[in-house]
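What follows is calculated from the coordinates using simple rules that are stated; it is not laboratory data. Treat the numbers as computed from the prediction; the structure is a model and nothing was measured. Cβ coordinates were reconstructed from backbone atoms using ideal geometry, including for glycine residues, and neighbour counts include every protein chain displayed.
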Amino acid sequence: MSHHLFLILSVIVVSLKYGTALNCYDCTGRTNTSSNCENNLSSVKKQNCTTGLVCAYYIIENNSYSTITRSCSSPDVCSRLENQNSHILGHNNTVKYCKTCNSTDYCNSAVSIQTSNVFFIIPAIVYMLSKFV
């Protein structure tokens, strides 16, 4: 029984991030070019976000091109961009895509949805607890 409890506690401890800040990619570049911000994240700047910020990934398009931005941002950056297009972005600019995340370091690497560690941890804990019953 103590082995099961130790295993459960180990899974929980490994899953937690104690006092570490979130790390995000930090770059801006045009889409459909050889921009490192779009195609080669291994060579872009990485940023350690301050407390309260999240990783952001958004694409702004105008009549002639689109720009990708990856950075540390406030959690409401997407709603601010979408609600204030003309004020923040300027004339003829629109938000094509925007997402924020704080699930893992560098979670602003792609357009895909990030899966939280919770979906892996909960089944493991349920399985371990079922062994006690």
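For residue 48 and residue 110, the difference between the fully extended length at 0.36 nm per residue and the C-alpha to C-alpha distance is 20.5 nm. Full extension of the chain segment joining residue 79 with residue 40 gains 11.3 nm, where the gain is 0.36 nm per residue of separation less the Cα-Cα distance. What does the C-alpha gyration tensor say about the overall shape of the range 20-104? Classify as rounded when a/c is under 1.5, otherwise prolate if a/b is larger than b/c, or oblate. In terms of gyration-tensor shape, oblate.
If you take all other residues with their beta carbon under 12 Å from the beta carbon of residue 55, and give Lys and Arg +1 and Asp and Glu -1, the sum is +1.
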